[in-house]
Every structure is written in C-alpha cells, then in structure tokens.
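Presented below is the structure to which this report refers.
All of the numbers you see were taken from the coordinates with simple rules; none came from a lab. Note that the structure is a prediction, hence the values are computed from the model and not measured. Every residue, glycine as well, gets a Cβ built from its backbone with ideal geometry; the counts of neighbours run over all protein chains shown.
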C-alpha cells in the first residue's frame, strides 16, 4: 500500500489528519509529483496509495494513531460475563479441554458445564482434526495454514477490529437498527505463503457485514452466536478463504455513541492493521 514518493501520480490531493488541505479560498490543494519530493515533506512523511482514491500524505505518528489502541484484550467469564479487571486479575483460567472458554471461578465453570459441554466436545474434535491436517500437510511437504494464526492476529489487532466491526455492523445506529443480531463482521484476510503462521504477515483485504444465515455453521456454533449477541457481543468472522483458514471470535460491542461514523473506516482499518504496525 505504501510506495515511494516517485510513484505518486500527478494531480495528487494532499491530506493532513485524514482531510484534504485547503487553500485560502477553501479549495483542495492539488500538487504534481514534482512537488512531492523529500525536500518538501517532513522526514517522517509517508505517502499512502489507494486504488480507489487519491494518495494521502501522513506522518508516521498520524498513521500509528489512525485508530486508538484500546488496551490489552482479555476474555470474560464464559458463564457470568464478568471481566478480569472486575476480579482484579490479569486473566481468567481457560477450560482445560477446549482451551478457549474462560471462567472466573470453579463455581461458574460447574454452573456452565451443561451449556458448554456440547461446544467443548466440538472444539476438541476440531483440535484433533487440525492436528491431523497439519501432520498430513507436513508429510506431503505442503503448507499448513493454521486458523490459530488468525486468532493471534485478532488479539494483536483487536483495537482496529473493534473499530471496523463497530462500523460494519452499524452499531452506531443503536440496538434496534444495527446489524448486531443478524450479521457477522466479516474480515477478509490473507496468510502469507512464505510465512503462513506468522501473525505479523497476515494481510487485511476488506471488512464487510455478512448475514449469519449465509455462512454454514454447526448447531452448537449457532447457539454460541445467539448467546453472544444477547450478551452484547459482536460476532467477528476471520477468514482466509483461499487457504480454507477460518476463525470465529466474539467481541464486546462498544456503545452506540462510542464514536461518530467514519466514512473512511475500511481504509483506516487496513492502514492500521497492514501498515501502522510495520513501520
């Protein structure tokens, strides 16, 4: 997405803080590539190229802060929904069998077992299946694209994912008009062929809202999504479809008035995930 200054095409709009720079009469400033040379830009300037719009000139600091980081990601209790901070702990213990659902106490885990049992067994089967697929791929000398890599990418980029899912599911419209209850926030991803299981090389291509009814799910996963939505969580679908690598995460939805809708939210999410963390 980033290119050298010499690649900037003529008739380029110049942006600052995500908005076009204006002249004294309020018109956007348009410059030619001859003007965009290192001597006329600050040392930390970066030119962002886009296939759909004009390039943007931003500083490294602006790019890094294009979406504010929201702190460390932690999983709530799978039974009562309480967060680790409310218990003054860093994180909760995970179910020893499925390695995913967390609990704040033994009492919560016991109380939740009847509900968790079917999904837990399904996850155990999935873990065993992944191991077989990985072993088969290695035996054949093929690349194994591990869905766990997408989960790691989610944890690394959760601030940008929260921001993008908030927009994709139109949470800002309020509970009655948002897409929270009916759609996935679908993140179209690509794992690198040379380093397929390195989370730093996963690329975000697009984010859209997709009806949950369009994606085949097991009955246990459907029930999991319904429970999550009732508790105010966004269903986040992470997929590298070309490599059949898929992960599903539940992310607590921000309040409807968290922030004003941003027209450039997809671009901002892509910049934050693909560029900001690599400069």
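Along its first, second and third principal axes, ordered by size, segment 145-279 spans 45, 36, 20 Å in Cα coordinates.
Compactness ratio for segment 87-218: Cα radius of gyration over 2.2 N^0.38 Å (N = residue count) comes to 1.26.
Packing around the peptides 98-107, 161-170, 236-245, taken as the average count of other Cβ atoms within 10 Å per residue, puts them in this order, highest first: 161-170, 236-245, 98-107.
Peptide packing: for 146-152, 79-85, the average count of neighbouring Cβ atoms within 10 Å per residue gives the ranking 146-152, 79-85, highest mean first. Reported to the nearest whole Å, the Cα centre-to-centre distance from segment 152-170 to segment 73-146 is 20. With the Cα gyration tensor of segment 71-142 giving a ≥ b ≥ c as the square roots of its eigenvalues, does the rule (a/c under 1.5 for rounded; else a/b larger than b/c for prolate; else oblate) give rounded, prolate or oblate? Taking the square roots of the gyration eigenvalues as a ≥ b ≥ c, segment 71-142 is oblate.
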